[in-house]
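Here is the structure we will look at.
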Amino acid sequence: MTDRSVLPSGASRTAPAPAPSGAGVRAVMPLALILLVAAFLRLWQLTATGFNSDEAVYTGTAASLAGDGRLGSLFPVFRAHPVLFQSLVSLALRIHESDWAARVVPALLGVVTVALTYGLGRRLHGRRAALVGALLLAVMPYHVVVSRQVLLDGPMTLCATGALYCVVRYAESHAPRWLLAAGGMLGFTVLAKETSIVLLGSLYAFFALTPAVRTRWWHLLPALGVVGVVALAHPLSQLLAGHARTGGSYLLWQMFRRANHPYYFYGREVPWAVGPLVVVAAVAGLVWLRRENTWRERLLVCWVVVPALFFTVWPVKGFQYLLPAAPVFAVLAGRTLTSFPRAVRAQRLAAAAAIWLVVGSLALPSWVRIQPQTSTRFLAGTGGLPGGREAGQWVRTYAPEGARLLAIGPSMANVVQYYGLRPVSALSVSPDPARRNPSYRAVPNPDRALRDGDFQYLVWDAYTARRTQFFTGKLAELVKHYHGHAVFTARNASGVKVVVIYRVRPT
């Protein structure tokens, strides 16, 4: 790769003449329209479906921070993750406690990420490429779907993109303030979600492979110190609150738990979510424009490849874990799509058609994905759980105070517990502390627990039933043995039964 020239240190550009007000408005309008599209896709029917398991946990934590005593007893503040994002959500819940108030926070942060992607693309490849990149991210199913949920990955992606932008500014100017700013943003990225610490590996790979961008130790060490100081807020808060063992137990469980997906999971899921044409455009541009590649493209490649390799090997794989790669794919694809020849009108029309073809290939799937779900197939991180909110609301209204419920797995248990304000346990939680999430409690002898009257309701759901036949069969046995009768049934948009609550009584 060859390097583009950068402005020498201390040099100055001649300030451009101020543009007429009309020209300024015309310059801003394309980005404003893109942000409106991004906001529409992230806010449309935002609460048509209730929370999924992670959303219930994070919103419950936010409600605890906002002072909700009932949810605080069910969802303690100190569980596993840092609470930077949950603290933001808690501010919204103080204004209005609802699903919409919780989800609008990550949705708006997603729109800000689109704007920041424009800034990143403009810095790297110019205004036209930046506009196309921002538009691609605005309609990209991967980013649209995740940023509509109360998940940590959307805010993490915003902070990570900010850190990437600061690194670009440092590589251009070698000004240490930009590396310090990158350290601060990366620290906030870790506070949004601790697994983002892997992005330090991306930066190490970039600096190690790019001698043209020379970093000095008196620049690097203070920046690393800033990362540590900011990120230290999470373990320090746990220590001061007396919950230091919580984070350690969760880390050990994540390191040694069984793999939840095969190694090819990301290769199968993420390209379709990012958009096959976007991936093709991004990779093809790296090859087609290889003579123009510089440290800029190397930085973007490192930003994607290191986390992708890490999470491929890591046993725990989530659909949304690679979301910080989405802005990078959008920027690289924008660069490719705006590099086609435009000498004659036919070439300009062909270039415009290619751009709108790629945009359309993203917008249509995004529109389909934000409609109410009709399938019982569920992949964590892809949306809410149909029927869960309705089941929980039934429990809150009709189940007596002090009632306890037993579900097949913790995913539906979290959702019903959040909406129902009643404790819900799960059959599939292992009694071995080394093989379960430390946040969950096992039910070692469910038969004895029902015989003693510890549980009054059993909860069946189609999503967990698809994943574990053993525990689904066990629940069916308990329903039959303890004279269970259905008191509530929820169906999805296509009329398929998705949640059933059974009332049981001791024999």
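Here is a check on your reading of the model: is TYR142 more than 19 Å from the chain's Cα centre (by Cα) and in a helix (DSSP H, G or I)?
no
If I filter segment 72-106 down to residues being over 17 Å from LEU236 (Cα atoms) and basic (Lys, Arg), which single residue comes out as farthest from the chain's Cα centre (by Cα)?
For segment 72-106, the residue satisfying everything is ARG94.
Just checking: which of the helices (runs of 4 or more DSSP H) contained wholly in segment 159-267 hold 1 or more residues that are within 30 Å of VAL89 (Cα to Cα) and modelled with pLDDT of 95 or more?
176-192, 199-209
State yes or no: is ASN445 in contact (Cβ under 8 Å) with a residue 60 or more places away in the chain and either surrounded by 15 or more Cβ atoms within 10 Å (Cβ to Cβ) or over 22 Å from TYR398 (Cα atoms) (or both)?
no
List pairs: first in segment 26-47 and assigned by TED's automatic domain parsing to the domain that holds THR113 and at positive phi, second surrounded by fewer than 17 Cβ atoms within 10 Å (Cβ to Cβ) and hydroxyl-bearing (Ser, Thr, Tyr), Cβ under 9 Å, 6+ apart or cross-chain?
none
Would you check if VAL89 is among the β-branched types (Val, Ile, Thr) and crowded, with 24+ Cβ neighbours inside 10 Å?
yes
Give the number of residues within segment 391-411 that are modelled with pLDDT of 95 or more and part of a helix (DSSP H, G or I).
Matching residues across segment 391-411 total 8.
Exactly one condition in (1) modelled with pLDDT under 75; (2) surrounded by fewer than 12 Cβ atoms within 10 Å (Cβ to Cβ); (3) not polar (S, T, N, Q) is not met by VAL28; state its number.
Every condition holds for VAL28 apart from (1).
Could you please give the count of residues in segment 461-507 that are assigned to a strand (DSSP E or B) and either surrounded by 19 or more Cβ atoms within 10 Å (Cβ to Cβ) or among the small types (Gly, Ala, Ser) (or both)?
The number of residues fulfilling the criteria is 9.
The values are calculated or read from the model by the stated rules, or taken from the named source; none is laboratory data. Please read all numbers here as calculations on a predicted model, not as lab measurements. Cβ sites come from the backbone with ideal geometry, for glycine too, and all protein chains shown count toward neighbours.
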